[in-house]
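What follows is a set of notes on a single structure, which appears directly below.
The values are calculated or read from the model by the stated rules, or taken from the named source; none is laboratory data. Because the structure is a prediction, the values reported are computed rather than measured. Here the Cβ positions follow ideal geometry from the backbone for every residue, glycine too, while neighbour counts run over all protein chains shown. The accessibility values were calculated without ligands, DNA or RNA, using every heavy atom of the protein model including side chains. Shrake-Rupley method; radii C 1.70, N 1.55, O 1.52, S 1.80 Å.
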Amino acid sequence: MSKLHRSLALVMALVMTVALLAGCGGGSSAPEAPAAAPAADGGEITSYEFPLAEKVEISGLTRYPANTESDPNNRTIYKRLEEATNVHVNWKAIQGDQWGDKIALEMANIKTLPEFINPAGLGDADILKYAKQGVIIPLESYIVPEIMPNLCKVFEQAPEYKDMCTDENGHIWTLPWIEQLGVGKTAIQTIGNMPFINTAWLDFLGLEMPTTVDEFEAVLIAFRDNADALKKEFNIDGDIIPLACIINGGNEDCRVLCNGFGEGYGDPDDWRHIVITDDKQVICAATTEGWRAGVEWLHKLYTENLFDPDAFTQEWSTYVAKGKSGRYGVCFSWDVANIVGLTMADIQNGTAGWAPLPMLKADTVNLTPNTGSLTSGFDRGRGAVLTANAKNPALICAWLDQMYDPLQSPQNNWGTYGEDDGFDIFVMGTNDKGEPMLQHADLGDHSPVEVREAEMVDGCLAVLDSYYGVYVTCPDDAQYRLDWIKDIYTPDMHTKYVFPNALLSADDTKAISNLLADIDKCIETARANAIMNGFSDADWDQLQKDLQAYKLNDLLAIFQKYVDASSEAALLAK
């Protein structure tokens, strides 16, 4: 979806250790909090054996997708959890499309809050705000093997996730959501705006897959100049569009085409516009000569009538509608199937007529991974929080820990098995050792999204990359994208470092938000204008002056502070 409609949470997922965070200095500290007592009476840590001998009731707040079951206790996953634990949850449930407005009101009245919220769906600023206000409580004292053995095992296998949940004072305020699909430079998040090219058009015109910017431009010109033949051959109603995109539109933007210019940094962090050099310096992509050269090249394509004229104004729905009419030669998206109306079968059997476009050489060949490539699929605020009203936090944490069981987490994330409604995401099978393994089912004509929303519960979960083939199969709609990344893009990821996913201090979070409000708008406006009208030396100089006036150096200094405090392992693009 376009940048305005997608979650910013998917853009940050890297490692920073607690000890290093503490050494950052400057700004206000993360909220101080009293030590969390491991038991309701503040006594010894006690473990819990489920099912409990006597039923216990706790209270929770959650959300559910529109047009699905509104009572969480009627969902199979929660029915099974109650049977397995003898813990009954008195839920207050809010419809998902109303969550944004209602959660703020709920959090404002601490007297009426349930004991925990899962999924919480809080951003970093909200986590720190509610922690400071005493609305939510610290959880680190409960994340011990006696109370949360499953989460402890996750943190043992991937300690970076514990680091990313921890503030500079050593407090953990949220239980995480983790969905690894690939790791490091093979992670599914390394490239969001994947470029796709119409191979059916290439074959019809006798063209090869382009590998340089000059070859790519020649292909677009061939698409333009043979529009009538293409329309007749493929029965296309409407004008041929050689290059389709949404400028400044997130995953639908074409900026990835420009990665080969100059130093090869590109602009992978499309709302902060930062990259890290090989000597660990944070710079703004829009101050580099490669960024300027790439934008000037896009302007050249625009003047040659190779661009969709609606690229600067169109919404997602228009972009998709034109794609499904068969008019595109090249387009950009997380998944081309969404844009051109393909099915998974089309892609898997190789008859789709579309393929990922490899990185193009200009001055060099490089793909700077998106922020999040080291620790993909992490959201520290999407899991659960415990409120100040929690009567027995240790028990609640022990119950929530069931969500981190390797066989349970995939169900929370995608859906379950063995329901009586005629369709499920999974069937329960076995792995090659004969142990239980969730296997993705053939959904037939059912929509994967609809089945998932009907069954999943979201929130606390951890699906590590090592789980695939052991506890769960990899989703088909992710596997082919993972294969593309590994085979086509990972070999061209020469960048050494990526920005770490630190839990920034409240002051730094606020300062960054304020600074980016002007800087992001300045860069995106200048870029759109330059693609249409070109960059004169005076235009370029004015952009640099404007960025300094908006205190770009202050923004970079904040980011640099966290890079300097990070270990090599936290930054290294493995």
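Here are a few things to note about the model shown:
- Selection within the range 270-291 - closer than 14 Å to Arg527 by Cβ and crowded, with 21+ Cβ neighbours inside 10 Å: Asp270, His273, Cys284, Ala285, Ala286, Gly290, Trp291
- Given (1) more than 21 Å from Trp271 (Cα to Cα); (2) touching a residue at least 24 places away in the same chain (Cβ under 8 Å); (3) part of a loop (DSSP other than H, G, I, E, B), number of the condition Val219 does not satisfy: (3)
- Test: Leu202 is open to solvent by less than 20 Å² (accessible area, probe 1.4 Å), over 15 Å from Asn366 (Cβ atoms), assigned to a helix (DSSP H, G or I) and at pLDDT 95 or above: yes
- Count of residues meeting criterion [outside any helix (DSSP H, G or I) and either under 15 Å from Gly377 (Cα atoms) or open to solvent by 10 Å² or more (accessible area, probe 1.4 Å) (or both)] in the range 161-195: 20
- Of all residues in the range 77-114 being within 20 Å of Pro65 (Cα to Cα) and among the polar types (S, T, N, Q), the one that is least open to solvent (accessible area, probe 1.4 Å): Gln95
- Subset of the range 297-325 [open to solvent by 70 Å² or more (accessible area, probe 1.4 Å), assigned to a helix (DSSP H, G or I) and under 22 Å from Val219 (Cα atoms)]: Lys300, Thr303, Lys324
- Within the range 355-362, none of the residues are over 16 Å from Pro210 (Cβ atoms), of a type outside the set (Lys, Arg) and in contact (Cβ under 8 Å) with a residue 24 or more places away in the chain.
- Looking only at the range 138-152, and only at residues there that are in contact (Cβ under 8 Å) with a residue 12 or more places away in the chain and closer than 22 Å to Val457 by Cβ, the one that is surrounded by the most Cβ atoms within 10 Å (Cβ to Cβ): Leu151
- Condition met for Asp508 (open to solvent by 40 Å² or more (accessible area, probe 1.4 Å), in a helix (DSSP H, G or I) and charged (D, E, K, R)): no
Condition check ((1) within 13 Å of Thr387 (Cα to Cα); (2) part of a loop (DSSP other than H, G, I, E, B)) across all residues:
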position: His88; (1), (2): no, no
position: Lys92; (1), (2): no, no
position: Gly100; (1), (2): no, no
position: Leu105; (1), (2): no, no
position: Lys111; (1), (2): yes, no
position: Gly121; (1), (2): no, yes
position: Leu128; (1), (2): no, no
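- Residue match in the range 326-341 (condition: assigned to a loop (DSSP other than H, G, I, E, B) and over 24 Å from the mean Cα position of the chain (by Cα)): yes
- Residues of the range 388-412 that turn out to be in a helix (DSSP H, G or I), under 26 Å from Thr112 (Cα atoms) and among the small types (Gly, Ala, Ser), as a count: 2
- Candidate set from the range 231-243 (those that are of a type outside the set (Asp, Glu) and surrounded by fewer than 23 Cβ atoms within 10 Å (Cβ to Cβ)); member that is farthest from Trp316 (Cα to Cα): Lys232
- Residues of the range 451-505 satisfying the condition of being within 17 Å of the chain's Cα centre (by Cα), surrounded by 19 or more Cβ atoms within 10 Å (Cβ to Cβ) and among the polar types (S, T, N, Q): Asn501
- Inside the range 513-548, residues that are closer than 29 Å to Glu568 by Cα, at pLDDT 95 or above and under 22 Å from the mean Cα position of the chain (by Cα) make up a count of 2.
- Under the condition of being at pLDDT below 90 and not in a loop (DSSP other than H, G, I, E, B), the residues counted in the range 413-454 number 5.
- In the range 393-450, the residues that are hydroxyl-bearing (Ser, Thr, Tyr), open to solvent by less than 30 Å² (accessible area, probe 1.4 Å) and over 19 Å from Asn74 (Cβ atoms): Tyr404, Ser409
- Selection of first residues in the range 401-415 that are on the phi > 0 side of the Ramachandran plot and of second residues that are open to solvent by 10 Å² or more (accessible area, probe 1.4 Å), restricted to Cβ pairs under 6 Å at least 6 apart or on distinct chains, gives the following pairs, ordered by first then second residue: Gly415/Ile425; Gly415/Arg452; Gly415/Met456.
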